[in-house]
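Have a look at the structure below before the remarks.
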Ligand code: PMP
């Protein structure tokens with residue numbers, strides 16, 4: 001890596017320190033024939049609606065406002081109000097996928113050595129962005145927040161995925177949401193809530209945005225159309241307390257002027273389609289069947305070598321192996337055996353040698369593939385222990 005870099009022009013320190021996302025490297029091999037992949041968070045392709053551009057207004061091809069299309073912002077604000085978050089369309093900024101939202105929030109807050117509070121484990125591509133801007137990551141426990149340490153360490157913001165967390169699948173209950181919101185409010189820590197999985201609920205769960213429980217500290221709530229509609233559209237949104245929005249809008253403008261108007265128009269058309277609820281219900285029902293089949297296969301093959309909590313929603317099982325092996329070392333062997341998964345280590349804010357944990361996506365593989373793939377993986381874990 002260093003030898004290659006020395007032959008290149010002088011890149012910024014940030015870029016020199018940036019490593020390829022482990023997940024993108026895995027995604028590059030998952031299309032190999034015979035490969036069973038539990039690695040990505042790919043929604044099932046069968047669920048994508050048939051889209052038509054026939055009725056698209058001509059001006060969708062023109063430059064548009066940085067904040068996004070007004071009717072889409074109105075729809076999002078109205079939807080969030082029904083979910084308990086008091087907001088208006090003026091507080092909504094449409095972004096090019098919620099990954100861009102993470103990038104903009106990082107740019108808003110992070111200088112080199114800025115403390116940022118994150119869960120452990122948490123979404124690896126958020127960690128990657130926060131590190132890129134030089135954040136000093138502080139791990140906190142969203143299920144048992146420690147107000148005194150928030151006050152002492154004064155993170156610039158706390159990143160939280162309360163609902164069907166990636167990678168753990170955990171959903172905070174009402175009391176946990178109230179306690180975390182109270183703690184962050186009391187310590188005046190701005191909150192960045194990431195909520196892409198909220199529609200994928202298989203069991204009854206509290207899903208009111210955590211931000212709805214805040215009264216004193218600034219907040220940013222983020223949603224996405226990737227998991228309930230289609231990730232290829234690359235559309236998500238930030239909703240922020242009014243004092244933050246102008247700054248986020250400037251950052252958005254500097255990044256890419258505005259999000260793709262054709263995608264925004266397509267999403268709006270989908271949101272207004274009366275068949276939408278039935279489509280999401282069918283999607284959730286099919287993922288529930290896959291989750292249950294996956295868990296049965298897990299019990300068969302991993303019952304005596306790992307533990308897990310059944311995810312009440314979202315796309316992942318988070319496994320803790322009885323033996324604390326380095327799952328990054330397991331991965332190339334698994335790929336050779338035609339089964340892919342996500343090692344646990346990249347989801348941790350602090351470097352550990354071997355965490356013995358891994359993330360398994362259950363929405364993509366059929367029940368048969370899950371059974372075969374987990375059998376292969378369990379055999380590798382047994383031989384590594
Ligand atoms: N946040 C979380 C927690 C995610 O899991 C993902 C996607 N896996 C994203 C953000 C990014 O999603 P997108 O850019 O497709 O909206």
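A short reminder: the numbers here are calculations on the coordinates, not readings from a lab. Since this is a predicted model, take the numbers as computed values, not measurements. Neighbour counts are summed over all protein chains in view; Cβ atoms, including those assigned to glycine, are modelled from backbone coordinates with ideal geometry.
The simple spin-label model puts a point 7 Å past each Cα toward its Cβ; for residue 16 and residue 375 those points are separated by 5.1 nm. When shorter helices are ignored and each DSSP H run of at least 4 residues is given -39500 (n - 2.57), the per-residue value for the chain at 222 nm works out to -12000 deg cm²/dmol. One Cα centroid belongs to the range 281-306, the other to the range 100-142; the line between them spans 31 Å. Projected onto planes of every orientation and averaged, the convex hull of the alpha-carbon atoms in the chain covers 20.1 nm². Extending 7 Å from the Cα toward the beta-carbon at both residue 324 and residue 58 defines two label points whose distance is 6.7 nm. Comparing 62, 357, 270 in a Gaussian network model of the chain where C-alpha atoms under 10 Å apart are linked, the largest mean-square fluctuation is found at 62.
Available extension along the chain between residue 132 and residue 337 is 70.5 nm, counting 0.36 nm per residue and deducting the alpha carbon span. Normalised by the number of residues in the chain, the mean separation of alpha-carbon contacts (under 8 Å, six or more apart) gives a relative contact order of 22 percent.
Given their separation in residues at 0.36 nm each and the Cα-Cα distance between them, residue 289 and residue 48 gain 85.0 nm when the chain is fully extended. Looking at the chain, the DSSP beta bridges with both ends there are about 55 percent antiparallel. Distance between the modelled labels on residue 216 and residue 273, one decimal in nanometres: 4.6 nm (7 Å Cα→Cβ projection). On full extension, the segment bounded by residue 178 and residue 148 gains 9.1 nm, given 0.36 nm per residue less the C-alpha separation. When only alpha carbons are used to place a centre, the range 159-176 and the range 25-95 end up 21 Å from one another. For the range 213-275, the orientation-averaged shadow of the C-alpha convex hull comes to 5.7 nm² (one quarter of the hull surface). Packing here is the average count of other Cβ atoms within 10 Å per residue, and on that basis the peptides 126-138, 321-333, highest first, run 126-138, 321-333.
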